[in-house]
Amino acid sequence: RESEGSSNLEEGGFRLSSINFRALKAEITFIVGKIGSGKSSLLYALSGEMSVEKGSKTRMLMDGTIAFISQKPWVMNSTIKENILMGMPYNEDRFQEALKYSCLAEDIKTFPKGLENETGENGDALSGGQRTRLSLAQALYQDTEIYIFDDVLSALDSYVGSFIMEHTILEKLKHKTVVMSTHALQYLKFGSLIYLMEDGKIVKQGDFHSMTQ
């Protein structure tokens, strides 16, 4: 949950530098900034998906298992049910909670084969919002310690986005470590710490009150 002085080089050439970042358990940590400022790159770095530039002095500590939902979630070419379970044993209560808090239950009723409906290659049988919510259901079922969300609310309509923010993230995951980038500035008041990024660097950080002064 901590990354200090990192200088990571992404495959496409984008670099993060002079990063000092911390996220704590039972808190929501937001990352904000303009498009191209490095928000996604920082989340990929926290998830171990960016390489470290040779010679850099980087120290990272992640205490717990991680669920990461990117802006374009990966979906296995299988059934809805198998995508949620990801090889874990089926537990009815846990499964139904994952459906409820991902707002996926109503969608499943519209699928011809319900939970056994095929997702298609790269989730092509699903809409963008459904792919995001399927990935969220999967993450909830895995019950990890750390949840990293890359602007997931932008793929959802306002009603679903509000439910997931207010009930899933603020209530269901209130005992977890949650790190998320977002353009939905109305939710920043719920964050314990906010980081503002520009050009691959954190240029300002603080709580909601200090960041809005």
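The values are calculated or read from the model by the stated rules, or taken from the named source; none is laboratory data. Note that the coordinates shown come from a computational prediction; the quantities given were computed from them, not determined experimentally. As a convention, Cβ positions derive from the backbone with ideal geometry for all residues, glycine included, and neighbour counts pool all protein chains shown. Just the protein is used for accessible areas: all its heavy atoms, side chains included, with ligands, DNA and RNA removed. Shrake-Rupley method; radii C 1.70, N 1.55, O 1.52, S 1.80 Å.
Here are a few things to note about the model shown:
- Apart from one condition, Ala98 fits all of (1) over 14 Å from Ala137 (Cβ atoms); (2) of a type in the set (Gly, Ala, Ser); (3) part of a helix (DSSP H, G or I); the exception is (1).
- Yes/no for Tyr141 being touching a residue at least 60 places away in the same chain (Cβ under 8 Å), among the hydroxyl-bearing types (Ser, Thr, Tyr) and either buried (at least 19 other Cβ atoms within 10 Å of the Cβ) or closer than 21 Å to Ser40 by Cβ (or both): no
- Each residue in segment 112-123 was checked for being farther than 17 Å from Ala155 by Cβ and open to solvent by 30 Å² or more (accessible area, probe 1.4 Å), and 6 of them qualify.
- Restricting Ser41, Ser3 to those that are part of a strand (DSSP E or B) and either at pLDDT below 95 or open to solvent by 10 Å² or more (accessible area, probe 1.4 Å) (or both) reduces the list to Ser3.
- Hey, Asp157 within 21 Å of Lys100 (Cα to Cα), in contact with a strand residue (DSSP E or B) (Cβ under 6 Å, 6 or more places away or on another chain) and among the acidic types (Asp, Glu) or not: no
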